[in-house]
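Presented below is the structure to which this report refers.
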Amino acid sequence: MRRDARHRVTPRSASRDVTWHTAPMSPEPATEVPTNVCLQLDVVDRAEADEVSGRLWAAGATAIQEIDLGGSRVRLVAGLDADRVAVAERHLAGRWQPVVFSAHHDGWLDAWRPFARPVLSGGILVQPAWQPVEKDLVSRARLIVRVDAGRAFGQGNHATTRLALEALEQTVVAGDEVLDVGCGSGILSVAAAMLGAARVVAVDIDDEAARATTQNAGLNGVEQRVTASTTPVEFLDGRYDVVVANILAAVLVDLAPGIAARVKPEGTVLLDGIRSQQRTEVLAAYEQAGLHPVRESERDGWTAMVMRCGPGMETSRDR
Ligand SMILES: C[S@@+](CC[C@H](N)C(=O)[O-])C[C@H]1O[C@@H](n2cnc3c(N)ncnc32)[C@H](O)[C@@H]1O
């Protein structure tokens, strides 16, 4: 199973509630004996969270969960093989003393579930599918997307997903054809379909993401309009009114010609997942591919860009 590199190696500082960074799963052990442990520790701010995460990744952590404790405080829960605990403690160099507890084989990959919360982004309420809805949030929502991300990315709380949902809400109109590159849980595909898209094509390099997208489309009754697969962007055909891609900047740069080729002449490209300091390289790649920037938004150090084909189209789809 492949994963977005962001899950695996890059300590991030962007989560609002809970962010669960996962690495490729190791083969399941043959017995039920716990072979994984969790290290838990609290830090005072995002900078310290990034430093500790970096040390834990270096020590062999296979996933790190970030829980927003309010204010700037963050709780980190790292999963790792039991035989890496001493290594992790060495990497933490006595500056941090984690609590260590055991976890049954890969069960800790689902440890984020109790912490999942509904998230309202613009008028789109993303509701953990296994939880009851909260009436006050529902009354403020234009639509409710029920999501179970499973082990794909995209439960709705990450700044990049929220930026993308807001951009989709401002962009998608009834009847649109939408391409979602890096669909993860399918959260953006499902939202696009519920905003009225006639057809959504969702692709990801991770087959688990394609599965989760199909499942989440079904949960929301839009399975007839959402098709998910692991087809590489360069093998897609057709052109779309809206192309959305929430992927790392380096991947967006690589995919620029392929993504630009899939947008209709008056279509819109929504790019997201860009660390703010990387915006110029992404911008340059897409301008070179024939698009021009219309709008940017920023949240928690992440930038999202709205780009269009051809000059003079800036206002044609603005709402
Ligand atoms: C940050 S997640 C976004 C998930 C979801 N769209 C969201 O907004 O929450 C990025 C996704 O891009 C996928 N990805 C990474 N490189 C890709 C590529 N070259 N083509 C398609 N998908 C890719 C990853 O597997 C991951 O599921």
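The values are calculated or read from the model by the stated rules, or taken from the named source; none is laboratory data. These figures come from a predicted structure and were not determined experimentally. Here the Cβ is made from the backbone with ideal geometry for all residues, glycine too, and neighbour counts use every protein chain on show. The accessibility values were calculated without ligands, DNA or RNA, using every heavy atom of the protein model including side chains. Shrake-Rupley method; radii C 1.70, N 1.55, O 1.52, S 1.80 Å.
Quick notes on this structure:
- Calculated FRET value between E234 and Q97, using beta carbons and R₀ = 51 Å, to 0.05: 0.55
- Modelled spin labels at R113 and S139, positioned 7 Å past Cα toward Cβ, are 3.1 nm from each other.
- Ranked by how many other beta carbons lie within 10 Å on average, peptides 91-102, 140-151 from highest: 140-151, 91-102
- Ranking L195, L255, T231 by how far each Cα lies toward the positive end of the dipole of the range 186-278 (charges on Cβ) leaves L195 at the top.
- Note on the range 196-319: with charges restricted to the Cβ of Lys and Arg (+1) and Asp and Glu (-1), its dipole about the Cα centre is near 400 debye.
- Fraction of accessible area attributable to carbon and sulfur, the range 154-309 (%, probe 1.4 Å): 49 percent
- Computed from phi, the 3J(HN,Hα) profile of the range 41-58 under the Karplus parametrisation 6.51, -1.76, 1.60 (θ = phi - 60°) reads 7, 9, 10, 8, 7, 5, 4, 5, 4, 5, 5, 5, 4, x, 5, 6, 4, 4 Hz, with x in place of Gly and Pro.
- Neighbour cut-off at most 15 other Cβ (10 Å), DSSP loop, trypsin sites (Lys or Arg not before Pro), the range 188-267: R239
- 3J(HN,Hα) along the range 134-145, derived from phi through the Karplus expression 6.51 cos²θ - 1.76 cosθ + 1.60 where θ = phi - 60°, amounts to 9, 4, 5, 5, 4, 5, 9, 9, 7, 8, 10, 9 Hz, with x in place of Gly and Pro.
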